[in-house]
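Read the structure below first, then the notes.
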Amino acid sequence: MAGKVKWVTDIEKSVLINNFEKRGWVQVTENEDWNFYWMSVQTIRNVFSVETGYRLSDDQIVNHFPNHYELTRKDLMVKNIKRYRKELEKEGSPLAEKDENGKYLYLDFVPVTYMLPADYNLFVEEFRKSPSSTWIMKPCGKAQGKGIFLINKLSQIKKWSRDSKTSSFVSQSNKEAYVISLYINNPLLIGGRKFDLRLYVLVSTYRPLRCYMYKLGFCRFCTVKYTPSTSELDNMFVHLTNVAIQKHGEDYNHIHGGKWTVNNLRLYLESTRGKEVTSKLFDEIHWIIVQSLKAVAPVMNNDKHCFECYGYDIIIDDKLKPWLIEVNASPSLTSSTANDRILKYNLINDTLNIAVPNGEIPDCKWNKSPPKEVLGNYEILYDEELAQGDGADRELRSRSGQSLGSRGIRSRDSGRTVLTTWK
């Protein structure tokens, strides 16, 4: 009989520990022999660092890829997506097609973004083209809405620069890097409030790319009704959906936590906008997630000991166009409501069923292709090996609406379903 899986975590969350204990796994310390380590992003840096890192054995797996930040740092995600677009353009891919204004027809899924201070001059040039626009500033390496603010005047950037104790944009060494993005000032509103989508995506391997979408995502609502008015630019209860911010609002509801399930959103949109456009929207959301993963796959260290569950943040505008805002390497496992606790417990349960087959001591040499029966609430989003036979023309037909909404373009292979539309 095989031994029990020995686990370690440096994230003391009940949804994790209850899942480990339910499986009869044995808790050990990080200095003992372990098989499974659910770790923070700080710890993963040490595990894989040249100075302090150590060699993982075949029976050890961890929950982050070594350089996950290529996707989960705001500046690097944008940089990799820009590079991916250029590469597709160079290859003459129809996916990189542009309109008469030079805008990507299919790859325009992240708001116009610049790095500060590095791209300051480029940003100013863009700002002056539409001086009435609003922009959102975010520190590259922070989460939960920390350090974010909105601006609509160049003087506000200059003030930020001075307040950051730098005399000019040239001296960058001691200055925290920020991204500045065009603010989506026409978000889809429900009940007059802005919201975003938090979707969970599991990647078991980047080369070949194999990823899964969790069916039970949710919407996070602001507590104050939305207004594009410049007088409310400083009111984060209007603009930022992060629970870490909204829970301090006067109108925050502790029972539902300002959250709606993705299924509720889908039903609402089907009844107000129609089934066809709703299906098209969700197909587009899935498509941009796959494209973002393809953009980072070539630079990702595809270590066989790793898997990763990402928290994708998507905003839908009032034309039902989805925008990728950011990707989180450690989506919150804190439960703000009873439903939240159940959702996150099940998320970890289903993730472990895929990452650690049968709950047995892992062997990182396995093919990372579990049978459909163990997927739980995950569904396969993209499997590069099974999609190899499909060309970009099929994907393009899907993107340009000829077959979008028919997620029926599926092929079956050894009991698994792959959405072959997304080559």
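The values are calculated or read from the model by the stated rules, or taken from the named source; none is laboratory data. Just so you know, these numbers come straight off a predicted model, no measurement behind them. Note that each Cβ is placed from the backbone with ideal geometry, even for glycine, and that neighbours are counted across all protein chains shown. For the accessible areas, the whole protein counts, side chains as well, though only heavy atoms, and no ligand, DNA or RNA atoms are used. Shrake-Rupley method; radii C 1.70, N 1.55, O 1.52, S 1.80 Å.
Of note:
- Per-region count, the range 9-57, residues closer than 14 Å to Ile361 by Cβ and outside any loop (DSSP other than H, G, I, E, B): 4
- Screening Gly311 with (1) outside any strand (DSSP E or B); (2) small (Gly, Ala, Ser); (3) modelled with pLDDT of 80 or more gives one miss only, at (1).
- Among the residues here, Asp75 qualifies as assigned to a helix (DSSP H, G or I), charged (D, E, K, R) and buried (at least 17 other Cβ atoms within 10 Å of the Cβ).
- Every residue from the range 262-303 that is part of a helix (DSSP H, G or I) and among the polar types (S, T, N, Q): Asn263, Asn264, Ser271, Thr272, Thr278, Ser279, Gln291, Ser292
- Of residues in the range 347-367 being open to solvent by 50 Å² or more (accessible area, probe 1.4 Å) and outside any loop (DSSP other than H, G, I, E, B), the one farthest from Pro139 (Cα to Cα): Asn358
- Once the range 318-333 is narrowed to residues that are open to solvent by 10 Å² or more (accessible area, probe 1.4 Å) and not in a loop (DSSP other than H, G, I, E, B), the residue that is nearest to Leu352 (Cα to Cα) is Asn328.
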